[in-house]
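One structure is given here, and the rest of the page talks about it.
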Amino acid sequence: MKRVALEEDRSKSLIIFQGLPETEEKLDAQVSGILLDHLNEKPKILGCKRVGKDTSERIRPVKFILSSSDQARTILSKTKLLRHVDGLSSVYITPDRSAADRMAYKKVVDQLLNKRTAEPDKVHVIRNFRVVSSEKEP
């Protein structure tokens, strides 16, 4: 029961990497600005906070919680649009994963990278924690 409740809570949470410099400005406003201006989404944000240790060497990620998991899925489906925005091309938004899920996902990413070097004539992507390959279109 406890694990199911935690997974439900995580399904409403997303994490933004590389996008929000550590300033005194409100995180809620910064996150809302990126979502509204570049993804055309205006979800209800229940909370925002920085995660990780505070060091001057890197920008800490921002975890934000939405009111529903449907909003989180919608935002995740649109995150590819950020690649084409000047100044936000290195920003990415990911689901909030448990430590075990992060380790499992890292293994899948390693498999993906190996497949890309071994079979460069195919397209390889991750779907549901598995590497899926298909032929490149001409």
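The values are calculated or read from the model by the stated rules, or taken from the named source; none is laboratory data. What you are looking at is a predicted structure, and each value in this text was computed from that prediction instead of being measured. FYI the Cβ positions are ideal-geometry reconstructions off the backbone, even for glycines, and counts take in every protein chain you see.
Structure above, values below:
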item	result
Selected residue (criterion: surrounded by the most Cβ atoms within 10 Å (Cβ to Cβ)) from residues of the stretch 29-58 that are assigned to a loop (DSSP other than H, G, I, E, B) and touching a strand residue (DSSP E or B) at 6+ places or on another chain (Cβ under 8 Å)	Pro43
Filter pass, Asp86 being of a type outside the set (Val, Ile, Thr) and closer than 24 Å to Ile126 by Cα	no
Hey, His84 farther than 21 Å from Asp28 by Cα and in the same structural domain as Phe17 (by TED's automatic domain parsing) or not	yes
Number of positions in the stretch 114-131 that are outside any strand (DSSP E or B) and exposed (fewer than 12 other Cβ atoms within 10 Å of the Cβ)	7
Leading residue by the ranking (nearest to Ser11 (Cα to Cα)) among those in the stretch 59-108 that are in a loop (DSSP other than H, G, I, E, B) and basic (Lys, Arg)	Arg97
Selection within the stretch 50-69 - closer than 17 Å to Val91 by Cα, out of contact with any helix residue (DSSP H, G or I) (no Cβ under 7 Å at 6 or more places or on another chain) and at pLDDT 85 or above	Arg50, Val51, Arg60, Pro61, Lys63
